[in-house]
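First comes the structure, then the notes that go with it.
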Amino acid sequence: MRFSVSLQAEGDREVTLDEVVELADAVAGLGGIASGFGTMSYGAQIIVDAETSDEAVEIALEQFNRAVASTSLPAWPVARAETIGEDDDYGDLDP
C-alpha cells in the first residue's frame, strides 16, 4: 500500500528559504515536498510503499533523515509524523 507520510522536525531557530529549497531538492526523488521557511521547524511529505502505517513512518523517517543529512539543515528531532494511506483518501465517498 502507498502512504503519504508527513514529518516535521522542530528546533531552536528560524529556517531559511535556502534551507527549505535544499530539503525540497533532497526529497524530490522520493515524491516529496518540503516546508518550513520562516518557522522554527522544517518538514517534508514523502510517498512510501509499506504494509502498515507504522512501517510507513519507519521507512519515511530513514529517508527523511538521509535527506536532511545531505543538506545544511541541523538534525533536529522529528516532533510529528502523520500518514495517509492511498486507500484512505476517498474511503468515505461512494464509488
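Things worth noting here:
- Order of Phe37, Phe3, Phe64 - criterion: other Cβ atoms within 10 Å of each residue's Cβ, fewest first: Phe37, Phe3, Phe64
- For mean projected area of the Cα convex hull in nm², computed directly from the structure shown, the correct entry in (i) 6.4; (ii) 5.4; (iii) 6.8 is (i).
- Across the chain, the relative contact order, built from alpha-carbon pairs under 8 Å that are at least six residues apart, equals 40 percent.
- Applying the criteria of a DSSP loop state and at most 15 other Cβ atoms within 10 Å to the GluC sites (Glu not before Pro) of the range 10-79 yields Glu14, Glu51.
- Other residues lying with their Cβ under 15 Å from the Cβ of Asp25 contribute a combined charge of -2, Lys and Arg counting +1, Asp and Glu -1.
- For the chain, the mean residue ellipticity at 222 nm estimated from helices alone is -9500 deg cm²/dmol, where every DSSP H run of n ≥ 4 contributes -39500 (n - 2.57) and the total is divided by all residues, rounded to the nearest 500.
- Nearest-20 debye value, the chain charge dipole, Cβ charges on Lys, Arg, Asp, Glu: 460 debye
All of the numbers you see were taken from the coordinates with simple rules; none came from a lab. Bear in mind that the values here come from a model prediction, so they are computed numbers and not experimental data. All Cβ positions, glycine included, derive from the backbone under ideal geometry; neighbour counts span all protein chains shown.
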